[in-house]
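Have a look at the structure below, then the notes.
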Amino acid sequence: MIRVAIANQKGGVGKTTTAINIATAMAATGWKTLLIDLDPQGNASTGIGIQAADRLRSSYDVLIDEASIAECAMATRIPGLDVVAATVDLSGAEVELVAVENRTDKLRQALDRENGYDICFIDCPPSLGLLTLNALSAADTLLVPLQCEFFALEGLSQLLKTVEQVQQRFNPELGIIGVALTMFDRRNRLTDQVADDVRSCLGPLVFGSTIPRNVRLSEAPSHGLPALVYDHACAGSRAYMALARELIARLPEQRKAA
């Protein structure tokens, strides 16, 4: 099972939207896919159609009670896509994990015992705390959604430093599979400037596909559906399908590296 963390400590960059739609696209192309929601807000769980009342077991149980992935995974309306949902209990996990031995390895240990999926996506909270460290320690690689605005560049440099620290201390095999430019607006000159700066800095690490600002992408979570299901023909859905194709092309290299 390939493990992909989707992380950026800056909020509002389209991280959860990316996690939901990339996971859906991978399932649609035949990959048995798992989505783990590690954000206490539980937006990925809601956006995929899992109601709060139905989340009897969650990622909190995986981290704190050492429940198995199989015990906590729930089927979604998307064939081939399961989710380990998040609940508000997860907001206390950061504090509870502080006193736990091997506190950054809890998710990795759980995933090491699970072999029922081809690929796993981990939706991280917008911070660099213990929840995100668990995801980065468990992951083979990292996908970074990056909003096309100036302050996003500062956040990216902080995230890259964190990745280096995780490689040195917890997970030397962690790589970055790519940076996805989100909320792209061709009418805004700054958008093009930020995109050019990121590409000049990171080169081929940046995906060619960009995710546009799109009303249908924003509407879909309120219906508990990925945009790819809510409106598969909208510009946002087409962009995520293109991004998924690029991701699949890079995954064989990651599989070998892992």
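Things to note:
- Taking 19 Å as the cut-off, the amide N atoms of region 201-221 that come nearer than this to a point 7 Å along the Cα-to-beta-carbon line of Leu190 belong to 211-214.
- Relative contact order (percent, whole number), the chain, Cα cutoff 8 Å, 6+ residue spacing: 26 percent
- Inter-label distance, nm, simple model (7 Å from Cα along the C-beta direction), Ile176/Ala75: 3.9 nm
- Student exercise, the chain dipole from Lys, Arg, Asp, Glu Cβ charges, in Debye to nearest 20: 780 debye
- With all protein chains modelled, accessible area of Lys106 [1.4 Å, Å²]: 20 Å²
- Note on exposure: Leu128, Leu90, Leu228 ranked by accessible area (1.4 Å probe, complete protein assembly) read Leu128, Leu228, Leu90, with the most exposed listed first.
- Accessible heavy-atom area order of Ser137, Ser157, Ser91, highest first, probe of 1.4 Å: Ser91, Ser157, Ser137
- Reported value for the chain: 111 Å³ per residue, from the convex hull of its C-alpha atoms.
- Reported to the nearest whole Å, the Cα centre-to-centre distance from region 1-34 to region 41-118 is 15.
- Using a probe radius of 1.4 angstrom, the carbon and sulfur fraction of the accessible surface of the chain is 50%.
- Leading residue at positive end of dipole, the chain (Cβ point charges), from Thr104, Ala85, Met1: Met1
- Exposure of Tyr117 as accessible area (Å², to 10), given a probe of 1.4 Å and all protein chains: 30 Å²
- Among Gly42, Gly116, Gly14: highest mean-square fluctuation, GNM of the chain, C-alpha pairs under 10 Å: Gly116
- Residues Leu243, Leu202, ordered by accessible area of protein heavy atoms at a 1.4 angstrom probe radius and largest first, appear as Leu202, Leu243.
- Computed about the Cα centre, the dipole magnitude for region 182-258 is approximately 140 debye when only Lys and Arg (+1) and Asp and Glu (-1) carry charge, each at its Cβ.
- Altogether, the Stokes-Einstein calculation at 20 °C and 1.002 mPa s, with the Kirkwood radius of region 55-97 over Cα pairs as Rh, returns a diffusion coefficient of 199 µm²/s.
- A simple spin-label model places pseudo-atoms 7 Å from Cα toward Cβ; at Asp65 and Phe151 they are separated by 3.8 nm.
- Accessible surface, the chain, averaged per residue in Å² (probe 1.4 Å): 43 Å²
- Region 136-221: GluC sites (Glu not before Pro) in DSSP loop, at most 12 other beta carbons within 10 Å: Glu173
- Basic side chains Lys and Arg get +1 at the Cβ, acidic Asp and Glu get -1 at the Cβ, and with that the dipole of region 40-174 about its Cα centre reaches some 140 debye.
- Note on Asp197 and Arg250: with the Förster distance fixed at 22 Å, the Cβ-Cβ geometry gives a FRET efficiency of about 0.50.
- Considering only Val179, Val215, Val194, the Gaussian network model of the chain with Cα springs below 10 Å gives its largest mean-square fluctuation to Val215.
- Overall dimensions of region 48-148, expressed as equivalent-ellipsoid semi-axes from the Cα gyration tensor (√(5λ), whole Å, largest first), are 20, 17, 15.
- Dimensionless Rg over Rh [region 153-258; C-alpha; Kirkwood]: 1.02
- If you run the Gaussian network model on the chain, springs between alpha carbon atoms under 10 Å, then out of Pro204, Pro126, Pro226 the most flexible one is Pro204.
The values are calculated or read from the model by the stated rules, or taken from the named source; none is laboratory data. Here the structure is a predicted model, which means the values were calculated and not measured. Cβ coordinates were reconstructed from backbone atoms using ideal geometry, including for glycine residues, and neighbour counts include every protein chain displayed. SASA here: full protein model, heavy atoms, side chains in, ligands and nucleic acids out. Shrake-Rupley method; radii C 1.70, N 1.55, O 1.52, S 1.80 Å.
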